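**Student:** First the structure, which I've put down as structure tokens, then a few questions once you've had a look.
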């Protein structure tokens, strides 16, 4: 009889923990993922660790479309070799439903059937402890495969689950750092403000210099360059200010093009203007951010989530978010509570902490500015 290993992936845990490592917040929308590369790397790691071939990768997530149907990315994941897509659904409030139940039942029932000798569980959920023990009772070895945090230790894994498992190992850091990337623009493509301009923005003053700033070319498009400074006009002669050929007409100036002077392409200018929603640094340092609970930790968690959200937000999404106040959207609320739980070490978040972190969330949303 052949021996196999199998992988059970709680995608919510995997991506939230990976996003925390990459961006500082568990907000899934803040990262982009190379799913084929991620699955392939996980298979290679568990096969090397167990010395057994992988029977199947069971991929548990909530269907992103109405009725629990898969979106484009999930469709592609389900077509990968040896991957079984197991989807729950999203409630009207944006909460996952049925994902943990599917994972727990599959782990217990397939454990009884001995479909694999060694199971690797990518999760940190305390609710899966009993399913792990059920599979172990059938003679299956269950090993946790945890996502490493920035400190090199496993991130957000329940003590009960860790105690129940036969062993725990970390996903290779190179896998996370290679396959999970922040969706924020690279630093070279993001216009920056000096301290005086930032202070003016805090007071609501217009920032003409930032609006008129000419951006340096990047390696992405060698054709992008700054136009040379024109020769000064003769004394007593008033010259009309020439219109910007790119902005005013949408076409490059023929004389500039004939002279061989490169002009910024619309694509480059689009990338330069892409980051328009900015959360300023706190006016005063966040105090008590390292404590187990309390206002300092609430403020630190809320700031990290809002800052992560801003990296891919638009003015329209900011207006929509502010219009929803006081209701925090489901994805952002889950990130707030998950980050607060993982940083405080408390599995259950009391009402005072929930209200506190949400209040600080709206405080920082109110501080977002447009550039």
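The values are calculated or read from the model by the stated rules, or taken from the named source; none is laboratory data. This is a predicted model, so every value here is computed, not measured. All Cβ positions, even for glycine, are placed from backbone atoms using ideal geometry, and neighbour counts span all protein chains on display.
**Student:** Which ones in region 112-128 are under 25 Å from the mean Cα position of the chain (by Cα) and modelled with pLDDT under 95?
**Tutor:** Matches in region 112-128: 124, 125, 126, 127.
**Student:** Quick one: in region 92-103, of everything that is assigned to a loop (DSSP other than H, G, I, E, B) and without any contact (Cβ under 8 Å) to a residue 40 or more places away in the chain, which residue is farthest from residue 5 (Cα to Cα)?
**Tutor:** My answer is 92.
**Student:** How many residues are assigned to a helix (DSSP H, G or I) and within 13 Å of the chain's Cα centre (by Cα) when one looks only at region 12-43? Outline the logic, then answer.
**Tutor:** If we filter region 12-43 for residues that are assigned to a helix (DSSP H, G or I), which is where we start, we get 12-23, 28-30, 35-43.
Okay, now just the ones that are also within 13 Å of the chain's Cα centre (by Cα), so 12-23, 28-30.
Count: 15.
**Student:** I'm trying to understand the selection: among the residues of region 306-341, which are in a helix (DSSP H, G or I), touching a helix residue (DSSP H, G or I) at 6+ places or on another chain (Cβ under 7 Å) and touching a residue at least 60 places away in the same chain (Cβ under 8 Å)?
**Tutor:** 306, 308, 309, 331, 332, 335, 338, 339
**Student:** In addition: What number of residues within region 127-139 are under 11 Å from residue 104 (Cα atoms) and surrounded by fewer than 18 Cβ atoms within 10 Å (Cβ to Cβ)? Don't jump to the end; show me each part of the working.
**Tutor:** Just the residues of region 127-139 that are under 11 Å from residue 104 (Cα atoms), to begin with: 127-135.
Filter once more, so that each one left must be surrounded by fewer than 18 Cβ atoms within 10 Å (Cβ to Cβ): 127, 130, 133.
Number satisfying all stated conditions: 3.
**Student:** Here's another thing I want to ask about it. If I filter region 101-123 down to residues being in contact with a strand residue (DSSP E or B) (Cβ under 9 Å, 6 or more places away or on another chain) and surrounded by fewer than 23 Cβ atoms within 10 Å (Cβ to Cβ), which single residue comes out as nearest to residue 162 (Cα to Cα)?
**Tutor:** 118
**Student:** Out of the residues in region 56-90 that are free of Cβ contacts under 8 Å to residues at least 12 places away in the same chain and either outside the structural domain of residue 115 (by TED's automatic domain parsing) or part of a loop (DSSP other than H, G, I, E, B) (or both), which is farthest from the chain's Cα centre (by Cα)?
**Tutor:** 81
**Student:** May I pose another question? Kindly provide the set of residues from region 71-86 that are surrounded by 12 or more Cβ atoms within 10 Å (Cβ to Cβ) and under 20 Å from residue 55 (Cβ atoms), ordered by number.
**Tutor:** 77, 78, 80, 82, 83, 84, 85, 86
**Student:** Return the residue satisfying two criteria in turn: it lies in region 318-358 and is over 22 Å from residue 13 (Cα atoms) and surrounded by 15 or more Cβ atoms within 10 Å (Cβ to Cβ), and of such residues it is farthest from the chain's Cα centre (by Cα).
**Tutor:** 356
Condition check ((1) in a loop (DSSP other than H, G, I, E, B); (2) more than 18 Å from the chain's Cα centre (by Cα)) across all residues:
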| position | (1), (2) |
| --- | --- |
| 105 | no, yes |
| 110 | no, yes |
| 130 | no, yes |
| 136 | no, yes |
| 151 | yes, yes |
| 157 | yes, yes |
| 169 | no, yes |
| 178 | no, no |
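**Student:** With respect to residue 8, is the statement that it is within 29 Å of residue 340 (Cα to Cα), outside any loop (DSSP other than H, G, I, E, B) and over 21 Å from the mean Cα position of the chain (by Cα) true?
**Tutor:** Criteria met by residue 8.
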